[in-house]
Each structure stands twice: as C-alpha cells, then as structure tokens.
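Student: Sharing a structure with you now.
The values are calculated or read from the model by the stated rules, or taken from the named source; none is laboratory data. As the structure is a prediction and not an experimental result, all values here were calculated from the model. Using ideal geometry, Cβ is built from the backbone for each residue, glycine included, and neighbour counts are taken over all protein chains shown. With ligands, DNA and RNA removed, areas are computed over all heavy atoms of the protein, side chains included. Shrake-Rupley method; radii C 1.70, N 1.55, O 1.52, S 1.80 Å.
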Amino acid sequence: MTGVFLNATDAGFALGRVIVDEAELLTLAVDPPARRHGLGRALLADFETSAASRGATSALLEVSAANAPAIALYTAAGFLRTGHRPGYYRTPHGARIDALLLAKALS
C-alpha cells in the first residue's frame, strides 16, 4: 500500500502510513517481556520522525478506551483526544469497547 512504513526492532514495531500531510499510526506492538523499558516510547518517536520525513504535519491514531497503558503512552507523547467511536472494538467474548481518537501536530 502506498505510504505505508515500518519501524521495527527485535521486540516491537510501529506500522504507519502517510497520506498527503497526515500520518496514521496503524499498529504499535511491543513484546510483553520488553514492555515498561521505553521501547514503546522509542518506537512512537521513530514513527513521528519517519512520518514527518515523509511530509506529514499531523499524526492520528485510534486506541481502545480499555487500554490504559497505551493511552498513557500516547498522551505523554503529546497526543490529544479528538473524538471517540462507540463500540468500535469487539472482544473475543463479544463485548464492545469504544475507540478513542487521538491526534498530534508534528514539528
């Protein structure tokens, strides 16, 4: 897919895409044993740098309202809530969870 890029290490990755001047973080994943050591923060920073180098002036993402660690990571990095999608995610047991929409200007 045009505009898609990957920043990866042995223990995690950030998958994003840039369309015109807007970047979207599609997935950020860190292997559980590697969590809480700054890798997610580093991957997010790499995503932002890669997006900006591709012409993005803003970044956006969606995150489960139930994912407190990810929300903390994104807000600490300067992402702000811009909206939400009620019942966007479905758990394996069929429950629905809202998605929060977050965005950030890239410099």
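Student: Does Arg85 fit the bill of being charged (D, E, K, R), over 18 Å from Glu22 (Cα atoms), open to solvent by 40 Å² or more (accessible area, probe 1.4 Å) and outside any helix (DSSP H, G or I)? First the steps, then the outcome.
Tutor: Values: charged (D, E, K, R): yes; over 18 Å from Glu22 (Cα atoms): yes; open to solvent by 40 Å² or more (accessible area, probe 1.4 Å): yes; outside any helix (DSSP H, G or I): yes.
Yes, satisfied.
Student: Cβ-Cβ below 7 Å, separation at least six or inter-chain, first residue in the stretch 8-20 and closer than 13 Å to His37 by Cβ and in a strand (DSSP E or B), second open to solvent by 70 Å² or more (accessible area, probe 1.4 Å) and at pLDDT 95 or above: which pairs?
Tutor: Pairs that qualify, where the first residue is closer than 13 Å to His37 by Cβ and in a strand (DSSP E or B) and the partner is open to solvent by 70 Å² or more (accessible area, probe 1.4 Å) and at pLDDT 95 or above, are Gly12/Asp31.
Student: If I ask for residues that are open to solvent by 20 Å² or more (accessible area, probe 1.4 Å), among the aliphatic types (A, V, I, L, M) and without any contact (Cβ under 8 Å) to a residue 40 or more places away in the chain, which ones from the stretch 45-72 would you list?
Tutor: Residues satisfying the conditions are Ala45, Ala65, Ala66, Ala68, Ile71, Ala72.
Student: What are the residues in the stretch 87-107 that are in contact (Cβ under 8 Å) with a residue 12 or more places away in the chain and closer than 10 Å to Ser64 by Cα, if any? Don't jump to the end; show me each part of the working.
Tutor: Step one: of the stretch 87-107, the residues in contact (Cβ under 8 Å) with a residue 12 or more places away in the chain are 88-89, 97-107.
Listed by number, the residues that qualify are Tyr88, Tyr89, Ile97, Asp98, Ala99, Leu100, Leu101.
Student: Please find, within the stretch 26-44, the residue that is farthest from Ala70 (Cα to Cα) out of those that are out of contact with any helix residue (DSSP H, G or I) (no Cβ under 6 Å at 6 or more places or on another chain) and open to solvent by less than 40 Å² (accessible area, probe 1.4 Å).
Tutor: Across the stretch 26-44, the extreme among qualifying residues is Ala34.
Student: Return a yes/no flag: does the stretch 88-96 have any residue that is part of a strand (DSSP E or B), at pLDDT 95 or above, small (Gly, Ala, Ser) and surrounded by fewer than 16 Cβ atoms within 10 Å (Cβ to Cβ). Outline the logic, then answer.
Tutor: Residues of the stretch 88-96 that are part of a strand (DSSP E or B), as a first pass: 88-90, 96.
Narrowing further to those that are at pLDDT 95 or above: 88-90, 96.
Of the ones still in play, those that are also small (Gly, Ala, Ser) are none.
Within the stretch 88-96, not a single residue is part of a strand (DSSP E or B), at pLDDT 95 or above, small (Gly, Ala, Ser) and surrounded by fewer than 16 Cβ atoms within 10 Å (Cβ to Cβ).
Student: Could you tell me whether any residue of the stretch 72-79 is under 11 Å from the mean Cα position of the chain (by Cα) and outside any helix (DSSP H, G or I)?
Tutor: yes
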